[in-house]
Amino acid sequence: MPQSGSSSVQAARQVLADRLREMCRDAGLDGKRLAEACGWHPSKVSRISTARTSPSADDIRAWCRACGREDRTDDLIASLQAVEGMWVEWRRMERTGLRRAQEARLPLYERTRWFRSYSSWLVPGLLQTYGYTEDVLRAVQRRRVEVDDVADAVAVRMERQRMLYEGQRRFAFLVEESVLSNGLGSADTQREQLEHLLTVGALANVSLSVVPTRLGRSRMPVEGFWIYDKAQVNVELVSGYLTLTQPTEVAAYADTFAGLSDIAVYGAKARALITAAMDALR
């Protein structure tokens, strides 16, 4: 499993390793005897039991069999799959193109009723216009994806925006003021995007706030993230896509969102910043 640098991922790896080590101890085996039973070098047992190496599903099957606890195999493999799903490199997620990566998020969006999104670099996807989305995904495709299915991926993202109008969903979008003047496309595309922000921001179920650019702010910008209900956080990093479900880490991002919201402006003041950004494009 790729090293993500996330404490949540490492903690989950350690929990799995601890469960395997406890099983070995309960079976009265030491690392050398377990290695012999599995046909491994003893160093492999050491690496797995200390979370330096993630086991494969076959490793877990062999471990459980050696400990006489094959009844725990399915549960431990499910735990392994959960850990592996926490961190996905972009090259793995997008190896077949961008459309499938966009489609993969749809079930999460459909079951979520409360969305919180913070962005320090680009307009959040649910608020993007067709032209803005096309510029963003084209830049991604050129940088890291061999398959060119940008048009299909844009169509999927546009269709997903129906979430704004369906069901009893609530949305809180928080963006840095720099987002209003950062764009990958032309002035016309950016102007259209800003006009769209004013339109969507007026929806009754949408809160759109802007953190003004100024000195002396109490909270500095952080990486962009989405919070889905109180259950999950997704963070887009340079190297991959991080999924957090541990309550303590979800709470940490919720606290960060609240802290940044405290220094943001809403309503007429937010609209004034958006309008000023539009005027600067003339």
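If only one of R219, R282 is part of a loop (DSSP other than H, G, I, E, B) and within 19 Å of G183 (Cα to Cα), which one is it?
Every option except R282 fails the conditions.
Here's a check for you: in segment 182-195, which residue that is in a helix (DSSP H, G or I) and of a type in the set (S, T, N, Q) is surrounded by the most Cβ atoms within 10 Å (Cβ to Cβ)? Step through it out loud before you land on a result.
First pass over segment 182-195, keeping only residues in a helix (DSSP H, G or I): 187-195.
If we keep only those that are of a type in the set (S, T, N, Q) too, we end up with 189-190, 193.
Details: T189: 19, Q190: 24, Q193: 26.
Filtering segment 182-195 for residues that are in a helix (DSSP H, G or I) and of a type in the set (S, T, N, Q), the one surrounded by the most Cβ atoms within 10 Å (Cβ to Cβ) comes out as Q193.
Does segment 198-217 contain any residue that is more than 25 Å from W114 (Cβ to Cβ), surrounded by 18 or more Cβ atoms within 10 Å (Cβ to Cβ) and in the same structural domain as V123 (by TED's automatic domain parsing)?
Taking every residue of segment 198-217 in turn, none turns out to be more than 25 Å from W114 (Cβ to Cβ), surrounded by 18 or more Cβ atoms within 10 Å (Cβ to Cβ) and in the same structural domain as V123 (by TED's automatic domain parsing).
Considering only residues that are β-branched (V, I, T) and over 18 Å from the mean Cα position of the chain (by Cα), look in segment 250-277 and name the one that is farthest from Y109 (Cα to Cα).
T275
If only one of P221, P247, P212 is more than 30 Å from R111 (Cβ to Cβ) and either of a type outside the set (A, V, I, L, M) or touching a Phe, Trp or Tyr at 6+ places or on another chain (Cβ under 6 Å) (or both), which one is it? Please lay out each step first, then the result.
Numbers: P221 fails: more than 30 Å from R111 (Cβ to Cβ); P247 fails: more than 30 Å from R111 (Cβ to Cβ).
On inspection, the qualifying residue turns out to be P212.
Residue check: is T248 outside any loop (DSSP other than H, G, I, E, B) and modelled with pLDDT under 90?
On the way: outside any loop (DSSP other than H, G, I, E, B): yes; modelled with pLDDT under 90: yes.
Criteria met by T248.
Do we find a residue being within 30 Å of E236 (Cβ to Cβ), modelled with pLDDT under 80 and among the aliphatic types (A, V, I, L, M) anywhere in segment 52-63?
Among the residues of segment 52-63, not one is within 30 Å of E236 (Cβ to Cβ), modelled with pLDDT under 80 and among the aliphatic types (A, V, I, L, M), which makes the answer no.
Kindly provide the set of residues from segment 68-79 that are under 21 Å from A12 (Cβ atoms) and either exposed (fewer than 15 other Cβ atoms within 10 Å of the Cβ) or touching a residue at least 40 places away in the same chain (Cβ under 8 Å) (or both), ordered by number. Spell out how you get there, then give the answer.
So the first thing to find is which residues in segment 68-79 are under 21 Å from A12 (Cβ atoms), and the list is 69, 72-79.
R69, R72, D74, D75, L76, A78, S79, listed by residue number.
The values are calculated or read from the model by the stated rules, or taken from the named source; none is laboratory data. Quick caveat, the model's predicted, so the values are computed rather than measured. We place every Cβ from the backbone using ideal geometry, glycine too, and count neighbours over all the protein chains shown.
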